[in-house]
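This report refers to the structure that appears directly beneath it.
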Amino acid sequence: MKNQWIEFIFGKVTVKVSGKGIERFLNVLTRNGLQIWNVKRHGTETITFKMRLKDAKNIRHFARKSECSISFLQRSGVPFLIKRLFKNSGFLIGAGIFLFILMLLSNVIWGIEIKGAKPATEYKIRKELDKMGVKIGKLQFFVDNVEGIQRRLTNNVGDLTWVGVELNGTTYHLQVVEKNEPKKQEQLSPQNLIAKKKAIIVRMNVDYGQKAVDINDHVEPGQLLVSGVIGQDGLKPELVSAQGEIWGETWYKSHVELPFKTNFKVFNGKEKQKYSLSIGKVEIPIWGFGKHGFKEFETERNVHQIHFLKWDLPISYIHKTIREREEFTRTYTNKEAEQNALDLAKKQIKSQLDEDAIIKDEKILHKAFKNGKVILDIHFKIIENIAVGQPISDIQGDS
């Protein structure tokens, strides 16, 4: 079997020999090292056999010294296949160009479908996709992958809670979940408004119900602020859903520690682009050769699967961006550290409050500089809506 493959690679021919001195001719060939096999007799003066292509080039030299005539019946092997390919090169080139164009068109963006978005939100999404280069007619190799598209849309389109991006063939499918700003449902059941925390009342805006407190009153958690029971003496009381905003001054304490030295890792703007093809587990570089020479770096890798019609080929186009980063140490003065610690404390407090709450004032209760840190204990005065609803039941009995 091994010899057959070797003969196929180097080429072989089938030779027909006719004449009276056939046996002498065969002996001459074997004595001169020419290998022949599959010798078959066809009558008394004709035989056929197979031999190597390189030996066939010398056979006529020996045939001239004999009384035999030779002819070549069949040629096979790689050298003859290559010759046929060159002979039909026009057809092969055309077929190759056709397949290349077909594969190229299979990796072009031909459709973008967006589901679950209102017309205004869909317009914002398509506008953001245009900025990213995700548009019909663009090659998929030159746009971000689906994870990157999903991340950028979520970050840059404020109306989105979530967006799922999927690439099916040549079409991007986007499933959108919008931010729903729920309208405050009208409270149909009777309720009071009570205080959710200790405070001093600074402002009141009552829409429905009977006020139970006034400005500058000190209230405790659970204390009645606005009653949902309305009525005058001698009349049957009416139960309503108390509505309104009761703004009070509340108090919070915060403890924060901040080091004087902080280490950051930042990109310095230097980067190198590398492009390659991945075939199976083998990655073949096509651009961006050599080492990047960065000591500290971060690699962003975008992988684009290559498609042919509806099939995913085991070939991927890979774009790597290697960015150099440096470690930067920031050292604060006592004053800067104190201010940064105060800003950090404000952010922590705001994260615990409603969006409409306001920091009225802050006061540092304790300050210390030790062990390379600034340590602050801070008292905050906050203005916030302290009213929460509490259902009430029907009043029993009539007066």
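Numbers for the structure displayed
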| item | result |
| --- | --- |
| Test: Ser106 is in contact with a His (Cβ under 6 Å, 6 or more places away or on another chain), outside the structural domain of Gln150 (by TED's automatic domain parsing) and surrounded by 15 or more Cβ atoms within 10 Å (Cβ to Cβ) | yes |
| Elements of type strands (runs of 3 or more DSSP E) contained in region 339-392, each with 1 or more residues being out of contact with any His (no Cβ under 8 Å at 6 or more places or on another chain) and of a type in the set (Phe, Trp, Tyr) | 358-370, 373-385 |
| Strands (runs of 3 or more DSSP E) wholly inside region 233-306 containing at least 2 residues that are on the phi < 0 side of the Ramachandran plot and without any contact (Cβ under 8 Å) to a residue 24 or more places away in the chain | 282-287 |
| Only listed residue being of a type in the set (Lys, Arg), exposed (fewer than 12 other Cβ atoms within 10 Å of the Cβ) and at pLDDT below 85, chosen from Arg75, Arg60 | Arg60 |
| Exclusive hit being touching a residue at least 12 places away in the same chain (Cβ under 8 Å), closer than 30 Å to Leu174 by Cα and not basic (Lys, Arg), set Phe80, Phe49, Phe141 | Phe141 |
| Residue satisfying all of: in region 203-215; of a type in the set (A, V, I, L, M, F, W, C) and surrounded by 15 or more Cβ atoms within 10 Å (Cβ to Cβ); nearest to Ile358 (Cα to Cα) among these | Met204 |
| The lone exception for Phe380 - which of (1) surrounded by fewer than 15 Cβ atoms within 10 Å (Cβ to Cβ); (2) within 30 Å of Ile200 (Cβ to Cβ); (3) in contact with a helix residue (DSSP H, G or I) (Cβ under 7 Å, 6 or more places away or on another chain) it fails | (1) |
| Subset of region 64-120 (residues that are part of a loop (DSSP other than H, G, I, E, B) and within 42 Å of the chain's Cα centre (by Cα)) | Ser106, Asn107, Ile109, Trp110, Gly116, Ala117, Lys118 |
| Out of Phe49, Phe25, Phe8, sole residue that is surrounded by 13 or more Cβ atoms within 10 Å (Cβ to Cβ) and out of contact with any Phe, Trp or Tyr (no Cβ under 8 Å at 6 or more places or on another chain) | Phe8 |
| Members of region 60-91 found to be within 12 Å of Thr14 (Cα to Cα) and β-branched (Val, Ile, Thr), listed by number | Ile70 |
| Conditions (1) surrounded by fewer than 15 Cβ atoms within 10 Å (Cβ to Cβ); (2) closer than 28 Å to Trp311 by Cβ: number failed by Val146 | (1) |
| Residue under evaluation Ile279, criteria (1) surrounded by 14 or more Cβ atoms within 10 Å (Cβ to Cβ); (2) aliphatic (A, V, I, L, M); (3) at pLDDT below 90, criterion not met | (1) |
| Residue count for region 149-168, restricted to those that are of a type in the set (S, T, N, Q) and either surrounded by 15 or more Cβ atoms within 10 Å (Cβ to Cβ) or in a helix (DSSP H, G or I) (or both) | 4 |
| All positions within region 206-222 that are of a type outside the set (A, V, I, L, M) and either under 15 Å from Leu193 (Cα atoms) or modelled with pLDDT under 90 (or both) | Asp207, Tyr208, Gly209, Gln210, Lys211, Asp214, Glu220, Pro221, Gly222 |
| Only one of Leu225, Leu167 that is of a type in the set (A, V, I, L, M) and at pLDDT 90 or above | Leu225 |
| Count - residues of region 308-325 that are acidic (Asp, Glu) and either in contact with a helix residue (DSSP H, G or I) (Cβ under 7 Å, 6 or more places away or on another chain) or in contact (Cβ under 8 Å) with a residue 40 or more places away in the chain (or both) | 1 |
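The rows are residues; the columns are (1) under 30 Å from Asp312 (Cα atoms); (2) not β-branched (Val, Ile, Thr).
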position: Val13; (1), (2): no, no
position: Arg52; (1), (2): no, yes
position: Phe100; (1), (2): yes, yes
position: Leu104; (1), (2): yes, yes
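The values are calculated or read from the model by the stated rules, or taken from the named source; none is laboratory data. Since this is a predicted model, take the numbers as computed values, not measurements. Here the Cβ is made from the backbone with ideal geometry for all residues, glycine too, and neighbour counts use every protein chain on show.
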